[in-house]
1. When only C-alpha pairs under 8 Å and at least 6 residues apart count, what is the relative contact order of the chain, in percent?
2. Which order do the peptides 11-19, 32-40 take when ranked by the mean count of other beta-carbon atoms within 10 Å per residue, highest first?
3. Can you give the extra length, in nm with one decimal, that the chain gains between LYS67 and ASP23 once fully stretched, where that is 0.36 nm per residue apart less the Cα-Cα distance?
4. What percentage of the solvent-accessible surface of the chain, computed with a 1.4 Å probe over protein heavy atoms, is contributed by carbon and sulfur atoms?
5. Mind running the shape call on region 38-78? Use the C-alpha gyration tensor, a ≥ b ≥ c as the square roots of the eigenvalues: rounded below 1.5 for a/c, prolate if a/b tops b/c, oblate otherwise.
6. Per residue, how large is the accessible surface of region 19-81? Use a 1.4 angstrom probe and give square angstrom.
7. Seen from all sides and averaged, what is the projected area of the convex hull of the Cα atoms in the chain, in nm²?
8. Could you work out the local net charge near ARG4, counting Lys and Arg as +1, Asp and Glu as -1, over the other residues with Cβ closer than 15 Å to its Cβ?
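The values are calculated or read from the model by the stated rules, or taken from the named source; none is laboratory data. The model shown is predicted, which means the values in this text are computed figures rather than measured ones. Cβ atoms come from the backbone with ideal geometry, glycine included; neighbour counts cover every protein chain shown. We work out accessible area using only protein heavy atoms, side chains counted, and drop any ligands, DNA or RNA first. Shrake-Rupley method; radii C 1.70, N 1.55, O 1.52, S 1.80 Å.
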Amino acid sequence: MKVRAQFYAQLRDLVGSREIDVDLPEGATVRDLLEQVYAQQPKLRLHDKSIMIGAGVEFVDRNYRLKPGEEISVMPPVQGG
């Protein structure tokens, strides 16, 4: 299944893109998604302990099961306006 990871603030600057599409097996979790992202963008792993993950309008944990086509927000703990 394909999932889109969207990056915000300094994480977007580290990745050099607002979003990337990631192919994952059915039943994959946010943890699986992050491992794939870190494999492509190793410098993001340094922020692993502090990032927040959103699915839709809710924050989710790393055990959240992803749905095909879902857009997942990967953001630092503080967002400013």
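1. Details: 131 pairs, mean separation 34.8, N = 81.
So the answer I get is 43 percent.
2. On the way: 11-19: 14.0, 32-40: 16.2.
Packing order, densest peptide first, comes out as 32-40, 11-19.
3. 14.7 nm
4. Numbers: 2440 of 4860 Å².
Within the chain, the accessible surface is 50 percent carbon and sulfur.
5. Working: a/c = 2.11, a/b = 1.39, b/c = 1.52.
Because a/c hits 1.5 or more and a/b fails to exceed b/c, region 38-78 counts as oblate.
6. Numbers: 3930 Å² over 63 residues.
Spelled out: the 1.4 Å probe surface of region 19-81, per residue, equals 62 Å².
7. Details: hull surface 19.5 nm².
Quarter of the Cα hull surface area: 4.9 nm².
8. On the way: positive: LYS2, ARG12, ARG18, LYS67; negative: GLU19, ASP21, ASP23, ASP32, GLU70, GLU71.
Net charge in that neighbourhood comes out at -2.
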